[in-house]
1. Can you pull out the residues in the range 431-444 that are surrounded by fewer than 20 Cβ atoms within 10 Å (Cβ to Cβ), of a type outside the set (Val, Ile, Thr) and within 39 Å of the chain's Cα centre (by Cα)?
2. Only one of (1) in a strand (DSSP E or B); (2) farther than 19 Å from residue 484 by Cα; (3) in contact (Cβ under 8 Å) with a residue 40 or more places away in the chain fails for residue 427. Which number is that?
3. Among the listed residues 407, 439, which satisfies the condition of being modelled with pLDDT of 90 or more, part of a helix (DSSP H, G or I), of a type outside the set (Asp, Glu) and within 18 Å of residue 363 (Cα to Cα)?
4. Kindly evaluate residue 383 against the criterion of being over 27 Å from residue 482 (Cα atoms) and in the same structural domain as residue 445 (by TED's automatic domain parsing).
5. Which condition number does residue 293 fail, the rest of (1) part of a helix (DSSP H, G or I); (2) at pLDDT below 85; (3) more than 53 Å from the chain's Cα centre (by Cα) being met?
6. Could you identify the single residue in 414, 452 that is under 17 Å from residue 474 (Cα atoms) and without any contact (Cβ under 8 Å) to a residue 24 or more places away in the chain?
7. Among the residues of the range 267-282, is there at least one that is touching a Ser or Thr at 6+ places or on another chain (Cβ under 9 Å), surrounded by 14 or more Cβ atoms within 10 Å (Cβ to Cβ), part of a helix (DSSP H, G or I) and among the aliphatic types (A, V, I, L, M)?
8. Is one or more of the residues making up the range 464-472 modelled with pLDDT of 85 or more, on the phi < 0 side of the Ramachandran plot and outside any loop (DSSP other than H, G, I, E, B)?
Amino acid sequence: MNVMNAGIARIGRLAMTAAKAAKAAARRLGRLWSLVAFPSLARRLVVAQMAVLVLLWTLLFAWVLYESSMRNELIESGSIHNAFIEVTESLRDQPARQHAALLAMDRAVRSEQSDRAERRAQGRATAQDKEDEDAEAALSPSLLVWQGETLIYRSSEEVPLLRNSAPGVLEKLTGPDGRRWLVKTSRSRHSDVRVTMMAPGLWQMVLTIHDHGYYLLPLLVSLPFLVLPAWLTVRVALRPWREVSDEVASRGWNDLAPLRFQSRHQELKPLAQAIDTLLQRVRESADRERSLIADAAHELRTPLAAIRVNVEALKDQATDPRERALMGSLLRSNERAARLVSQLLQLMRSDAEKSQDAYAVLDLEELIQDRLALLETLADLRGVTLELVSPGPQPVFAERESLVSMVDNLVDNAIKYSPAGGEVVVRLSSRAGRATLYVDDQGPGIPEPLHARVFDRFFRSPDQAQSGSGLGLAIVKSVVERHHGQVRLTTPGAGPGLRVVVQLPLYGQGLTRGGSGTAADGTPPPPAPAAAPASAGSPPPRRSAPPAPHSAASPDPSATPPR
């Protein structure tokens, strides 16, 4: 039983090992398929280089074969013909020595390797020697020596017995098997010796080269050694394109400045210029859009104020309760419209580029205390309690007007959606060089799938009962991103409600790009402090509530922002 259990366990381990190996092989095949299936400019350039190499190799082969089929220097050389004639005549009375001499000269003309000839003479020729000899015989000039009408030497049995129409003329003749040959015959002036030299035609040379791999084998051997250098050269050549891509990818959503990368390459200049032109058009279009919306919103404030004054006057003079209710409804609609116009102006201001002079070192805790004091009256009207929890001053480098707009929208939204008797808790903390602001309410909250979408302009959660325009959180996101921060939504823990988390760089911890003094989205980064401010200490956590009463500078308590 123990042996059986051990065997089963071993089989299980082997199966698990095989499964892991199969998964690893599948992953490798998947990566290989992704490299092959998806388009790649680098791969395309490497393949193009290899294709050009193959084309050049093919053209070189074609040119050599064509030249060899049209003329052959060995065949046309009169000195070689005369050498064969003289040897034949001088050894006419010694047939054996004559044949040996002609054979040696024929091999010399064919450039046959001496070691292979020696092995063949000793009867030790190999199959490779036979194959090489056949290839040389098919490509090298062949020899026929006639003495009168008697053939005394023939390079091989495959050489056809062809004769020229006249001595000394280079002709193209067809053998009995249909193959074409380049033939020249020379005749001795002193005897009846004739020497005929012939070379194979074009098509025969092509077939021989193909059969013996003289065309494909060099390509197959050399291409692997050429792919890596070609890939490296392509990678180096594409480096400027990658620099442009990296710069565009590293930019913020509203950084529409021209590219810092200035290419000296003629091929890349049109692309860089086209990108700069596109950025300029988008920048001009965005400026026109912001200007149009800001101008329209500004112009709407006067008629809305006039409508409000007239409706209030009519409401004071009306005695019918239905008329007074109607006037009240008109006033509430007017307040919502005025709030929408105000938010449009805030959104355009938050999107507009700020100069360096607009930024300063601010204490985020002090700013929030001031805003909570102004919003306390609105919270009292709603029956909501405001509470601030902070460990101490939080210095940030920011534009005050934008932060005021961000805090007002967050706290107004929390008050608006909290039920009567609810509590809005604003907490501050700092960690890893960032100040974190938490705004918790006890309202109905927002479904998690919509957490990202509610930051879009004019988008509102479908199940919200409160009226609004959907600009409040869009303004918050614009302000936060301009200050190189982050904003997200979550739940405050047990029970209903919504928590908005905002993170901003503390003073001296701002992000810069490339050390150029420009932030990723084009806004000025915080300067490095000469010394930490005196208020940047960290006293023990304290709980404080803004006691200041609602002042004249506070917003209308009845006008609350939509989420």
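1. Across the range 431-444, the qualifying residues are 431, 432, 433, 434, 438.
2. It fails just one condition, (3).
3. Values: 439 fails: part of a helix (DSSP H, G or I).
Step by step, each of 407, 439 is checked, and only 407 is modelled with pLDDT of 90 or more, part of a helix (DSSP H, G or I), of a type outside the set (Asp, Glu) and within 18 Å of residue 363 (Cα to Cα).
4. On the way: over 27 Å from residue 482 (Cα atoms): yes; in the same structural domain as residue 445 (by TED's automatic domain parsing): yes.
It is true that residue 383 is over 27 Å from residue 482 (Cα atoms) and in the same structural domain as residue 445 (by TED's automatic domain parsing).
5. Every listed condition holds for residue 293 apart from (3).
6. Numbers: 414 fails: without any contact (Cβ under 8 Å) to a residue 24 or more places away in the chain.
One residue alone meets the criteria, 452.
7. yes
8. Just the residues of the range 464-472 that are modelled with pLDDT of 85 or more, to begin with: none.
No; the residues of the range 464-472 include none that is modelled with pLDDT of 85 or more, on the phi < 0 side of the Ramachandran plot and outside any loop (DSSP other than H, G, I, E, B).
The values are calculated or read from the model by the stated rules, or taken from the named source; none is laboratory data. Everything numeric in this text was worked out from a predicted model, so none of it was measured. Counting neighbours? That spans all protein chains shown, and the Cβs are built from the backbone with ideal geometry, glycine included.
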